[in-house]
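Quick notes on the structure that follows.
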Amino acid sequence: MNASEVLAAVDTAGIELIRLDYVDWGGLLRGRTVSRDHLPSAFETGINSAQTNMTIGVDDHEANPDLGAQTGDVWYVPDPTTFVSLPWAPGYAHMFVDVVDANGQPWFGDPRAVLRRMAARAAVELGTVRLGFEQEGHLLRRDGDHFVKAFNSRVFLADFQDLLPAFFLDMTRALRTMGSPLEKFTMESPHGMPELNVRYDDALPSADKHARFKLAFRAVARQHGYVGSFMPKPFEDMPGAGCHIHVSVSDPTAANPDRFAAGDDPRGFGLSETAYHFLGGILAHADALCAIGSPTVNSYKRLQPGAWAPAVKGYGLGNRSAMVRIVEHRTLSRGHTSARLELRSPDGTANSYLLGAAIIACGLDGVDRKLDPGEPSGADFGHLTDWSAAPLLPRSLDRALDALAADDMLRAALSPRLFDGYLNTKRQEWQAFSRAVTDWEYNTYANFF
């Protein structure tokens with residue numbers, strides 16, 4: 001749609017309020033809501049807001065003093081191509097915004113603009129990058145001051161949907177209405193952790209779909225009396241929720257439009273040299289990439305050995321214990337399925353746009369420098385017999401942030417001001433956690449020391 005078509009659709013559908021949202025540096029969906037009467041003005045001039053609103057931390061405190069109340073405004077300009085009605089809220093609609101400065105140019109701190117720029121660069125240097133966000137999430141219940149498991153089931157149990165039939169139907173209908181029809185869902189853990197899959201797309205619309213998927217999951221869960229959460233590891237005795245990112249590259253003008261596929265791969269995986277170099281870039285920047293894809297304190301309680309989450313840098317064909325899985329395909333008469341890589345370390349607390357931009361930047365760096373990913377492995381990285389030489393991923397958020405701070409390539413790719421601002425925001429989150437005294441500490445130390 002264009003702006004005129006959106007205004008007509010708003011009138012036809014009886015929409016009264018339109019949410020204009022962005023994803024801030026910390027990964028939270030924030031924004032403003034305008035009335036249908038004010039929407040034409042929003043399209044024409046944007047909605048002004050303080051620069052600092054993009055940068056505030058998860059605790060709502062100012063995280064970057066250099067972008068505080070003294071720094072003036074940015075403008076939220078609705079992107080009409082993202083217009084949808086919100087099926088769980090009659091009379092409401094939703095759009096993502098582009099954040100611009102007073103001259104109408106992309107603001108340096110807009111993650112959506114960063115992904116758009118990186119996708120455009122990739123289109124020139126390599127081809128069209130397509131991303132698929134395969135998201136797991138938790139359905140939780142409140143019990144007083146605590147969160148408890150929504151229900152008990154079994155992994156992949158066939159009739160788990162019978163426990164919450166209305167929730168899964170409403171979620172399916174919501175995604176279809178918003179233009180991201182559900183392909184399948186699976187019970188990935190026995191305590192209310194479903195995985196829902198929507199179809200891949202070009203990088204920017206795929207990140208939009210992912211951000212909107214998280215909006216829908218939380219909203220529909222709330223209407224059914226649950227808390228829909230993408231907290232990676234809410235229960236220490238259960239597997240955590242990840243967000244597996246599928247990556248492929250195509251170029252219709254090339255002799256082989258699938259830039260990741262090759263029939264003469266000596267390893268027999270069907271990957272091209274370009275794919276291996278792209279993979280080499282991801283592995284070379286793996287520690288820094290964790291700070292963007294696994295950006296919370298809780299993320300590193302999921303990235304533990306033997307927990308169906310990667311703890312070691314490596315890759316393999318069909319190897320779900322590896323940081324990067326080369327996706328296997330059957331040879332079917334209906335045609336070729338594109339070669340793709342699956343990055344398994346991220347989780348749903350990541351900013352979809354920054355993560356997509358960082359993956360593309362790392363891959364392009366690998367292709368540009370012809371980086372070798374090393375040899376694949378069919379070993380179970382979660383149950384190694386010898387850990388002494390294992391190339392472990394960062395074991396905590398502060399270590400990942402240190403790796404990111406040292407990554408000059410990502411600093412340049414994301415833009416130095418955004419890069420440093422993101423680092424500062426997440427370091428403050430780590431510092432707040434480091435000052436917090438937990439129940440574990442009271443139970444372990446108070447009575448004995």
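The values are calculated or read from the model by the stated rules, or taken from the named source; none is laboratory data. The structure presented is a predicted model; accordingly, all values stated were derived computationally and were not measured. Cβ placement follows ideal geometry from the backbone for every residue including glycine, while neighbour counts extend to all protein chains displayed.
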- Message: Restricting to the range 187-213, count the residues that are of a type outside the set (A, V, I, L, M, F, W, C), surrounded by fewer than 24 Cβ atoms within 10 Å (Cβ to Cβ) and assigned to a strand (DSSP E or B).
- Response: 6
- Message: I'd like the residue in the range 50-87 that is under 23 Å from the mean Cα position of the chain (by Cα) and aromatic (Phe, Trp, Tyr) and, out of all such residues, is farthest from Glu16 (Cα to Cα).
- Response: Tyr76
- Kindly indicate whether any position in the range 281-288 is in contact with a Gly (Cβ under 7 Å, 6 or more places away or on another chain), touching a residue at least 12 places away in the same chain (Cβ under 8 Å) and surrounded by 24 or more Cβ atoms within 10 Å (Cβ to Cβ). yes
- Query: Among (1) over 24 Å from Glu183 (Cβ atoms); (2) assigned to a loop (DSSP other than H, G, I, E, B), which single condition is Arg121 missing?
  - Reply: (2)
- Mind telling me which of the residues Asp347, Asp365 ends up being acidic (Asp, Glu), crowded, with 24+ Cβ neighbours inside 10 Å and touching a helix residue (DSSP H, G or I) at 6+ places or on another chain (Cβ under 7 Å)? Asp347
- For the range 214-249, what are the residues that are surrounded by 22 or more Cβ atoms within 10 Å (Cβ to Cβ) and among the small types (Gly, Ala, Ser)? Ala216, Ala221, Gly228, Gly240, Ala241, Gly242, Ser248
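Sort out which residues of the range 341-352 are under 25 Å from Pro234 (Cβ atoms) and of a type outside the set (Asp, Glu), and write them in order of number.
Residues of the range 341-352 under 25 Å from Pro234 (Cβ atoms): 342-352.
Of everything in the range 341-352, those that are under 25 Å from Pro234 (Cβ atoms) and of a type outside the set (Asp, Glu) turn out to be Leu343, Arg344, Ser345, Pro346, Gly348, Thr349, Ala350, Asn351, Ser352.
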- Message: With the condition being within 25 Å of Asp170 (Cβ to Cβ), I'd like the strands (runs of 3 or more DSSP E) fully within the range 1-104 carrying at least 1 qualifying residues.
- Response: 17-23, 29-35, 92-100
- Working carefully through the options Ala113, Ala89, find the one that is surrounded by fewer than 18 Cβ atoms within 10 Å (Cβ to Cβ) and of a type in the set (A, V, I, L, M). Ala89
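From the list Val114, Val84, pick out the single residue that is touching a Ser or Thr at 6+ places or on another chain (Cβ under 8 Å), under 19 Å from Leu355 (Cβ atoms) and at pLDDT 95 or above.
Going through Val114, Val84 in turn, the sole match is Val114.
With the condition being of a type in the set (S, T, N, Q) and touching a residue at least 60 places away in the same chain (Cβ under 8 Å), I'd like the helices (runs of 4 or more DSSP H) fully within the range 337-442 carrying at least 1 qualifying residues. Outline the logic, then answer.
On the way: elements: 352-369, 397-405, 408-414, 416-435.
Hits in the range 337-442: 352-369, 416-435.
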- Task: Name every residue in the range 225-257 that is among the polar types (S, T, N, Q) and either modelled with pLDDT of 95 or more or part of a strand (DSSP E or B) (or both), in order of residue number.
- Result: Ser229, Ser248, Ser250
- State which residue pairs qualify: first residue polar (S, T, N, Q) and inside the range 161-176, second residue in a helix (DSSP H, G or I) in any location, beta carbons under 7 Å apart, and separation of 6 or more residues or different chains. Gln161/Phe168
- Note on the structure: Sole miss for Ala150 among (1) at pLDDT 90 or above; (2) crowded, with 16+ Cβ neighbours inside 10 Å; (3) not polar (S, T, N, Q) is condition (1)
- Residues within the range 34-58 that are over 22 Å from Gln70 (Cα atoms) and either in contact (Cβ under 8 Å) with a residue 40 or more places away in the chain or touching a Cys at 6+ places or on another chain (Cβ under 8 Å) (or both), tallied: 1
- Item | Unique residue being outside the structural domain of Leu196 (by TED's automatic domain parsing), under 27 Å from Cys243 (Cα atoms) and not acidic (Asp, Glu) when the list is Thr81, Thr71 | Thr81
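Looking only at the range 69-128, how many residues end up being among the basic types (Lys, Arg) and touching a Phe, Trp or Tyr at 6+ places or on another chain (Cβ under 9 Å)? Step through it out loud before you land on a result.
Our first condition is that a residue be among the basic types (Lys, Arg); within the range 69-128, this holds for 112, 116-117, 121.
Restricting the remaining residues to those that are touching a Phe, Trp or Tyr at 6+ places or on another chain (Cβ under 9 Å) gives 112, 116.
Residues meeting the conditions: 2.
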- Message: Can you tell me how many residues within the range 178-211 are in contact with a Cys (Cβ under 9 Å, 6 or more places away or on another chain) and among the hydroxyl-bearing types (Ser, Thr, Tyr)?
- Response: 0
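Would you point out the residue of the range 136-164, among those that are in a helix (DSSP H, G or I) and within 27 Å of the chain's Cα centre (by Cα), that is farthest from Trp308 (Cα to Cα)?
Top of the filtered list is Gln161.
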